[in-house]
Amino acid sequence: MVFSFFKKKSTRLAEEIAEESEARDSTKDEILNSPGADQEESLYERLKGGLSRTRGGLLSSLRGVFGRGNAHEETLEEIEAILIQADLGVKTTEKFLEQVRPLVQSGEIKDSTALIAKLKDLIQRQMSEHVSPLKLGEKPFSVILIAGINGVGKTTTTAKIGNLLKSTGKKCMFAACDTFRAGAVEQLGIWGERLSIPVVTGEENQDPASVAFEAMKQAREQQIDVLLIDTAGRLHTQKNLMEELGKIQRVVQKSMPRAPHETFLVLDSTTGQNAVHQARLFHEMLKLTGLVMTKLDGTAKGGVVLGIQEELNLPIRFVGVGEKFSDLQIFNPVSYSQALFEEN
Ligand SMILES: Nc1nc2c(ncn2[C@@H]2O[C@H](COP(=O)(O)OP(=O)(O)OP(=O)(O)O)[C@@H](O)[C@H]2O)c(=O)[nH]1
Ligand SMILES: [Mg+2]
C-alpha cells in the first residue's frame, strides 16, 4: 500500500507510534522544520563546510613540513604520517609518496604551496579514474537499493537522494523495507511527507522482500522514474540478515531483470578504514555499484573517501555533509580535491 504516513492514523502501527515519546515527536518536528534546498549556500560551500575539520588538520600539518631544515627523508616521513592521519589509507599514501618523493628530492617541491598543489592534482586524478555515470534513466524505471550497517545514514540518504532526484524532475518513490522497527517506517514516512514522495510500507516484521516486491508493482503502476529502497541496518557479519538483503535484491531482479540498477552501500566516514572490511562483505553479497560516504562533516579524517575507493575499486556516488536534506551531493572529484585544500 502506498500512503502518506500520517493519513493512516487508524493502523496498528500508527497507534503504536502515536504512543511514542515526545522524543519521537521532536524527530518529526526536526525533519519537518529543518532547512532544506532553499538554502542560499552553494553546493561547493557546503562541501567545503563539511570538510572543514579535515582541511584544517591537513593544511596546518602540511604547512609545517618545510622550512625547518629537515633532510628530504624526514620531510617525506612527515608527509606520509600526515596522509595516514587524514585516513587516506596505506595503499593510497604509498602511491602518492612514490610520486612526491622524486620531486622533493630534486627540489621541485620545496615548499608547502608546491606540495599541496601536487597532492591536489594526485587526488583529483586518482578519484577521476573511478567516475562512471549513474543509471537513473532506465525504463520503465530505475531502482536503487540502499544497504549498510546500523546508523550509518541509510534512511537519511534515501530521503536526500529522493530530494536531489526530485529537484531534477524525476518522479520518485520510497520503499520502507526496514520492517524491524516501527520507528524506521515512520522516519521514512515523514521524509516522504516532507518531500511529497510516496512511500510503500508493510506491516511491522513483514518480510522486507515482499515490501520490495509490492513497491516494484506500485512503481510500475504509478509510472515512477526512480524507486529508492531503504533497508534495515545489519552487521556484515550477521549471515542471516545479509542473506535477507540478497533476497530483497533477487525479488527486485525477478520483477525487473536488470534491477536494481544501482546498489549502494552507505558508509559512515567517521568509522575510517574499518569500513573497508564492511564493504568487502556487502560487496560479496550484493555486487555493489557504488558507495555513499556520509557524515564527512563530522570527521577530521575525510581522506577516507580516497582510501576506501582505492581499496575497493568502487565509485563514490554521493557524499553526505550534514543532516539537512540538502546536505548530500553527487560526488565530484574536482570539487572534493579543491575543498580539501582551498582555504578561502
Ligand atoms: N552530520 C551528519 N549526520 C548525518 C549524515 N547522514 C546521516 N546523518 C545522521 O545520522 C543519524 C542516523 O541516520 P539514519 O538515516 O537514521 O541512519 P540509518 O542507517 O538509516 O540507521 P538504521 O536504520 O537505524 O540502521 C541521523 O541522526 C542522521 O541525521 C551526514 O551526512 N552528516
Ligand atoms: Mg534507517
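So here's what we get for this one:
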read-out: All positions within the range 246-274 that are surrounded by fewer than 21 Cβ atoms within 10 Å (Cβ to Cβ) and under 19 Å from the mean Cα position of the chain (by Cα); value: H261, T270, T271, G272, Q273, N274
read-out: Leading residue by the ranking (farthest from ligand 2 (Cβ to nearest atom)) among those in the range 138-158 that are touching a residue at least 40 places away in the same chain (Cβ under 8 Å) and over 12 Å from V266 (Cβ atoms); value: P140
read-out: Tabulated pairs, the range 266-283, first closer than 16 Å to Q238 by Cβ and aliphatic (A, V, I, L, M), second assigned to a helix (DSSP H, G or I) and modelled with pLDDT under 90, C-beta under 6 angstrom, 6+ apart or interchain; value: A279/L312
read-out: Within the range 83-129, tally of residues that are within 19 Å of E311 (Cα to Cα) and either in contact with a strand residue (DSSP E or B) (Cβ under 7 Å, 6 or more places away or on another chain) or assigned to a helix (DSSP H, G or I) (or both); value: 21
read-out: Tabulated pairs, the range 284-296, first surrounded by fewer than 24 Cβ atoms within 10 Å (Cβ to Cβ), second assigned to a helix (DSSP H, G or I) and not polar (S, T, N, Q), C-beta under 7 angstrom, 6+ apart or interchain; value: M285/M242; M285/L245; M285/G246; L286/L245; L286/G246; L288/F282
read-out: Breaking point among (1) surrounded by fewer than 22 Cβ atoms within 10 Å (Cβ to Cβ); (2) at pLDDT 90 or above; (3) not in a helix (DSSP H, G or I), for R220; value: (3)
read-out: Of all residues in the range 130-182 being aromatic (F, W, Y) and either away from ligand 1 (no atom under 14 Å from the Cβ) or surrounded by fewer than 24 Cβ atoms within 10 Å (Cβ to Cβ) (or both), the one that is nearest to A219 (Cα to Cα); value: F141
read-out: Subset of the range 234-245 [surrounded by fewer than 19 Cβ atoms within 10 Å (Cβ to Cβ) and touching a residue at least 60 places away in the same chain (Cβ under 8 Å)]; value: L235
read-out: Condition met for E203 (at pLDDT below 95, in contact with a helix residue (DSSP H, G or I) (Cβ under 6 Å, 6 or more places away or on another chain) and not small (G, A, S)); value: no
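The values are calculated or read from the model by the stated rules, or taken from the named source; none is laboratory data. The structure displayed is predicted, hence computed values, not measured ones. Cβ atoms come from the backbone with ideal geometry, glycine included; neighbour counts cover every protein chain shown.
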